[in-house]
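Below is one structure, written out as structure tokens; the observations come after it.
FYI, it's all coordinate maths here, none of it is from the lab. Since this is a predicted model, take the numbers as computed values, not measurements. FYI the Cβ positions are ideal-geometry reconstructions off the backbone, even for glycines, and counts take in every protein chain you see.
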Amino acid sequence: MASPTTNPPDRQWLKITFSCPLPLLEPVADLMGVLSGVGVEQSPETASGALVSGFFQLGETDSDPQGQVETVEAILARVTQQMTELFSLYECVPEKPVHTLLADQDWATSWQQYFKPFEIVPGLVIKPSWETYPPGPGQHILELDPGMAFGTGQHASTQMALALLQMSIQETSPAQALDVGTGTGILAMAAALFGVAQVIAIDNDPDAVVVAGENIANNRLEGQIEVSTTPVTQITGAYQLVCANIVHDVLVEMAPTLTGLTAVGGQLVLAGILSGEQENNIINVYQEQGCQLLDRRYQEEWVALRLQRADNN
């Protein structure tokens, strides 16, 4: 670990790494991406969790030509405070972060070792822009780089949501879909690749919308996907497929709205839910809104649900 310096040379990068338990991986990676504004690295998951790192440029930048930049100590303090507040929401305390100084030529490749092409569900391969991958018969390629928003397909909730999304599309062939809390846009883009003609993707985080828009453009899906910060309460219409990979409390709060946006007979895919108490509560809440459970998937401590709106409640 490099020692902190008050005035690091130009074009150095500060890498800050937190040890993170499994239930916090998604919110921690999301926050780290927003704080960094550049890139997030997540090590492979183990039973105890994973390492989440963010990268912060040091030295004079184009946006700060006078050289008035944060010191290593100031960045560490700011990031640690934000992470401590986030961990406290889950009644946890983060371990002291590890930090390292990287030369400009090293930082861009230091975190890429963990992100290789992989088939996340049958027929859908996710690959970063720096890798080549010749698609096999019937395979779709989704190019997706880690960025300011969480969702490269490596988290259990994203993988299960994609599996249920694919199943729903195969069964119902929806013409329209709504992705609430789109993040990097991975669910919206997968829906488009699986054949949904029109997808509305929304997120209340402007940075996430920017990243999603770039990913959608990079995959040449602008004609099928519209992404914006439009609040879900301002969305109108009835969608044959609604998906939301968020967190339990938000899914409960949004239950009347999400159900109301789902066409009668349409399906909802919900993820970001812990199995057990949260799972049972979500099922009960959405059943009260006139939905019935069709399927569920489990991975690690997470569960994803596929429901169908059964009536006009």
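Using Cα-only point scatterers and the Debye equation, what is log10 of I(q)/I(0) for segment 133-239 at each q in 0.11, 0.13 Å⁻¹, rounded to two decimals?
After summing over all Cα pairs, the log10 values are -0.31, -0.43.
Based only on other Cβ atoms within 10 Å, what is the fewest-to-most ordering of Met32, Met83, Met167?
Met167, Met83, Met32
Each label point is 7 Å from the Cα along the Cα-to-Cβ direction; what then is the distance between the points at Ser19 and Thr71, in nm?
Taking the simple label geometry, Ser19 and Thr71 are separated by 2.8 nm.
Counting pairs of Cα atoms in segment 145-309, how many percent are more than 29 Å apart?
9
Taking each pair of distinct Cα atoms in the chain once, what is the resulting Kirkwood hydrodynamic radius in Å?
Evaluated on the chain, it is 20.3 Å.
Just order 268-278, 292-302, 173-183 by mean Cβ neighbour count inside 10 Å, highest at the front, would you?
Ranking, from highest mean packing down: 173-183, 268-278, 292-302.
With a Cα-only, solvent-free Debye model of segment 212-313, what are the log10 I(q)/I(0) values at q = 0.09, 0.16, 0.19, 0.20 Å⁻¹?
Reported log10 I(q)/I(0), two decimals: -0.24, -0.73, -0.95, -1.02.
Rank the residues Phe87, Phe56, Phe118 as a footprinting-exposure proxy: fewest other Cβ atoms within 10 Å of their Cβ go first.
Taking fewest neighbouring Cβ atoms as first place, the list is Phe118, Phe87, Phe56.
Kindly state, to the nearest 0.05, the FRET efficiency for Val250 paired with Tyr298, given R0 = 25 Å and r defined as their beta-carbon distance.
E(calc), rounded to 0.05, equals 0.75.
Over the chain, calculate the relative contact order: mean separation of alpha carbon pairs under 8 Å at least 6 apart, over the residue count, as a percent.
About 14 percent, as a whole number.
Per residue of the chain, what 222 nm ellipticity follows from adding -39500 (n - 2.57) for every DSSP H run with n ≥ 4, rounded to the nearest 500?
Helix-only estimate at 222 nm: -9500 deg cm²/dmol.
With labels modelled as points extended 7 Å from the Cα through the Cβ direction, what inter-label distance (nm, one decimal) is found for Thr257 paired with Ser88?
2.7
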